[in-house]
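What follows is a single structure, written as structure tokens, with notes after it.
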Amino acid sequence: MYVRHLSVTDFRSWAAAEVAFDPGPSVLVGPNGQGKTNLVEALGYVATLGSHRVALDAPLVREGAPRAVVRAAVVSDGRELLVELEINPGRANRARLNRGPVPRPRDVLGALRSVLFAPEDLALVRGDPGERRRFLDDLLVQRTPRYAGVRSDYERVLKQRGALLKTARARRGSGGAADLRTLDVWDGHLARFGSELLAGRLGLVRALEPYVSSAYEEVARGAGPAAVTYACSLGAALPPDEPGAELLEVALLAELARVRPAELERGVTLVGPHRDDLVLSLAGRPAKGYASHGESWSYALALRLASYELLSSDGAEPVLVLDDVFAELDTARRGRLAKLAGRAEQVLVTAAVAEDVPPELLGARYDVADGEVRRVR
């Protein structure tokens with residue numbers, strides 16, 4: 001799989017930009033602030049319908065513009081797909097596939113698979129659990145696009161159930177009584193969608209773990225071993241072995257019933273995938289708090305490389321994007337990363353100076369400056 005052409009209109013700093021790519025390595029070179037990352041961010045948006053830098057769509061639209069448009073021509077197995085996304089802050093986004101409208105933007109998920117490694121990925125190791133949950137869910141959606149709907153449904157139910165709990169808490173505080181029959185209904189919805197999401201995450205972590213271990217070994221050479229495990233809010237109530245969604249739904253319902261008094265007291269949902277975490281360990285100890293700066297970088301990189309290998313094992317090799325990462329790595333890690341990245345069908349690299357990029361990845365070069373993208377070789 002590779003991106004043959006990228007076009008953006010009113011996306012971030014770009015009023016307009018057109019870039020034609022070839023398979024193999026391509027390097028976008030230019031001083032900071034010229035828009036290199038904005039271009040690869042646009043590709044990431046096509047793949048995930050989200051940004052690795054911001055949670056909301058509004059910052060993606062150029063200041064003063066009503067909307068942004070991203071178009072990507074993607075070649076996979078000799079077939080080309082044109083994906084078009086219109087980003088409309090405050091209104092529904094729209095999408096087209098091969099120039100025909102689709103009912104929902106998420107219907108284009110799967111047309112492009114990409115794995116992006118960026119400086120922000122250090123938060124996967126050192127940041128809050130929400131960063132790691134998002135990592136899992138984004139990867140889950142790339143592998144199986146239907147989980148985009150499951151995640152959306154779960155987040156909607158969680159928000160509505162949380163509002164109900166807050167209302168019940170306020171009524172109890174004022175001496176009134178809350179009607180908990182509605183809460184029973186929302187418990188059922190939360191358990192249904194939560195069990196699907198949880199089953200998907202558990203299966204994903206099982207599949208990802210060996211790739212993380214081998215990727216860390218390749219990058220860090222002997223500093224491990226690295227391992228990933230899933231920490232579930234069900235705790236001891238989590239069914240053993242490899243439970244399916246049906247067993248998990250029963251377990252979630254039972255746990256929600258058990259913690260209801262505490263939820264009514266606090267006004268928040270205490271059980272579900274939104275409370276879970278991906279635990280990263282290094283040599284048997286938690287990476288967060290114990291790993292050095294270099295080890296944390298290596299671990300973050302291993303998570304992305306493992307994602308790439310896992311997606312490739314599914315039969316559709318993703319586009320690999322390395323956004324301004326070589327400046328953060330020492331010479332040894334640069335060389336090992338370049339060797340690993342060089343195996344990709346297409347790898348896109350951004351760098352402030354070309355000297356930061358290892359020779360193995362110096363393929364096509366594009367200079368990015370003064371609002372223009374110019375291919376120089």
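The values are calculated or read from the model by the stated rules, or taken from the named source; none is laboratory data. All of these numbers come straight from a predicted model, not from anything done at the bench. Because the Cβ atoms are built from the backbone with ideal geometry, glycine has one as well, and the counts that use them run over all protein chains shown. The protein model used for the area step is the full one, side chains on, heavy atoms only, and it has no ligands, DNA or RNA in it. Shrake-Rupley method; radii C 1.70, N 1.55, O 1.52, S 1.80 Å.
From the phi angles alone, apply the Karplus equation (6.51, -1.76, 1.60; θ = phi - 60°) to the stretch 77-92 and give each ³J(HN,Hα) in whole Hz, x where the residue is Gly or Pro.
6, x, 10, 9, 10, 9, 10, 10, 10, 10, 9, 10, x, x, 9, 5
Within 10 Å of each candidate Cβ there may be at most 13 other Cβ atoms; applying that plus a DSSP loop requirement, which trypsin sites (Lys or Arg not before Pro) in the stretch 212-292 survive?
Arg221
Given the Cα-Cα distance of Leu247 and Val353 and 0.36 nm per residue of separation, how much length would full extension add, in nm?
32.8 nm
Using the heavy atoms of the protein chains alone and a 1.4 angstrom probe, what is the accessible area of the stretch 40-186 per residue in square angstrom?
49 Å²
Can you find, among Val349, Val368, Gly90, the residue farthest towards the positive end of the dipole of the chain? Put +1 on the C-beta of Lys and Arg, -1 on that of Asp and Glu.
Gly90
Just to confirm my numbers, what's the Cα centroid distance between the stretch 299-377 and the stretch 38-61 in Å?
18 Å
Distance in nm between label sites at Lys166 and Ala55, each 7 Å beyond Cα in the beta-carbon direction?
1.3 nm
So what are the stretch 64-142's ellipsoid semi-axes, whole angstrom, largest first, if each one is the square root of 5 times an eigenvalue of the alpha-carbon gyration tensor?
Numbers: eigenvalues 139, 67, 28 Å².
Whole-Å semi-axes of the equivalent ellipsoid: 26, 18, 12.
Given just the C-alpha atoms of the stretch 119-265, how large is their convex hull per residue in cubic angstrom? Each step should come with its number before you reach the end.
Working: hull volume 20.4 nm³, N = 147.
Dividing the Cα hull volume of the stretch 119-265 by its residue count gives 139 Å³.
Calculate the dipole size of the stretch 257-313 relative to its Cα centre from +1 charges on Lys and Arg beta carbons and -1 charges on Asp and Glu beta carbons; express the result in debye to the nearest 20. Walk me through the numbers on the way to the answer.
Values: 7 positive and 6 negative charges, 32 e Å.
It comes to approximately 160 debye.
Could you give the distance between the Cα centres of the stretch 186-205 and the stretch 146-166, to the whole Å?
11 Å
Do any GluC sites (Glu not before Pro) in the stretch 1-73 lie in a DSSP loop with no more than 12 other beta carbon atoms within 10 Å, and if so, which?
Working: sites: Glu18, Glu41, Glu63; in loops: Glu63.
Counting only loop positions with at most 12 other Cβ atoms within 10 Å, the GluC sites (Glu not before Pro) in the stretch 1-73 are Glu63.
Mind checking the full-extension length gain between Leu97 and Arg79? Use 0.36 nm per residue of separation minus the Cα-Cα distance, one decimal, nm.
Details: separation 18, 0.36 × 18 = 6.48 nm, distance 1.31 nm.
5.2 nm is the gain from fully extending Leu97 to Arg79.
Per residue, what accessible area does the stretch 260-377 have, given a 1.4 Å probe and all protein chains present, in Å²? Working shown, then result.
Details: 4860 Å² over 118 residues.
Normalised by residue count, the accessible surface of the stretch 260-377 is 41 Å².
Quick one: if you stick a label point 7 Å off each Cα along the C-beta vector at His293 and Arg4, how many nm between them?
Label-label distance for His293 and Arg4, simple model: 4.4 nm.
To the nearest 20 debye, what is the magnitude of the charge dipole of the stretch 48-111 about its Cα centre, counting +1 on the Cβ of each Lys and Arg and -1 on the Cβ of each Asp and Glu?
Numbers: 11 positive and 7 negative charges, 32 e Å.
For the stretch 48-111, the charge dipole is close to 160 debye.
Kindly write out, for the stretch 271-283 in residue order, the coupling ³J(HN,Hα) from the Karplus curve 6.51 cos²θ - 1.76 cosθ + 1.60 (θ = phi - 60°), rounded to whole Hz, with x marking Gly and Pro.
With the stated coefficients, the stretch 271-283 comes to 10, x, x, 6, 9, 8, 8, 9, 8, 9, 10, 9, 6 Hz.
Return the calculated 222 nm mean residue ellipticity for the chain, to the nearest 500 deg cm²/dmol, obtained by summing -39500 (n - 2.57) across DSSP H runs with n ≥ 4 and dividing by the residue count. Working shown, then result.
Numbers: 9 runs with 158 residues, N = 377.
Result for the chain: -14000 deg cm²/dmol, rounded to the nearest 500.
Using P(r) over Cα pairs in 20 Å bins from 0, in percent as the read-out, say which of [x] 27, 54, 18, 1; [y] 31, 58, 11, 0; [z] 24, 51, 24, 1 was calculated from these coordinates.
[x]
Nearest-5 percent of antiparallel DSSP beta bridges in the chain? Before the final figure, lay out the partial values.
Working: 41 of 59 bridges.
Restricted to the chain, the bridges split so that about 70 percent are antiparallel.
Which helices, taking whole DSSP H runs in the chain, have alpha carbons extending 20 angstrom or more along the helix axis plus mean Kyte-Doolittle at least -1.0?
Correct list, ordered by number: 147-173, 181-220, 245-266, 293-313.
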